[in-house]
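The values are calculated or read from the model by the stated rules, or taken from the named source; none is laboratory data. What you are looking at is a predicted structure, and each value in this text was computed from that prediction instead of being measured. Here the Cβ is made from the backbone with ideal geometry for all residues, glycine too, and neighbour counts use every protein chain on show.
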Amino acid sequence: MVTVQAKTNWRSAPRQFYSPEFKLKLVQLALQPGTSVADVARRHNVNDNLLFKWIRLFQHEGQVTRRQFKTDHTQSAPTLLPVHITENTATPSAQQLPPLEHPCSCDVTFTRGRLTLTLLSTELLTVLVRELMNGPPS
């Protein structure tokens, strides 16, 4: 009796996902002096070219992934930022106001510091606000 096995299509198989921690570990191993990148890749069952790509990303961008983390907007509704309006009875004259360094700037205060961006395009400002509202990747 002859049995015929159907070939599995590599495109139908689920794509392998590697965590950023795993990628960074392999990049650090591969960048050790005297280490073969291909050998590190084979020992960890990763394609050589993929490891070379992670190394290039790490050397050029300081990170091992360009993955944009998806946010689940179904978990919680968008939150509004608190705004405090104080009544100011005295209207300052133009001479009392500090001069604007740049007409389009954005100040963001974080827990551990402050970020000031100047000469923002509307596209960059839109991306900044969207990323700040999404929060850190989980």
Out of all the residues in segment 18-34, which are surrounded by 12 or more Cβ atoms within 10 Å (Cβ to Cβ) and part of a loop (DSSP other than H, G, I, E, B)?
Tyr18, Leu31
State which residue is surrounded by the most Cβ atoms within 10 Å (Cβ to Cβ) when the search covers only segment 39-64 and only residues that are touching a residue at least 12 places away in the same chain (Cβ under 8 Å) and in a helix (DSSP H, G or I).
Trp54
Of the residues that sit in segment 65-81 and are among the basic types (Lys, Arg) and surrounded by fewer than 10 Cβ atoms within 10 Å (Cβ to Cβ), which one is modelled with the lowest pLDDT?
Lys70
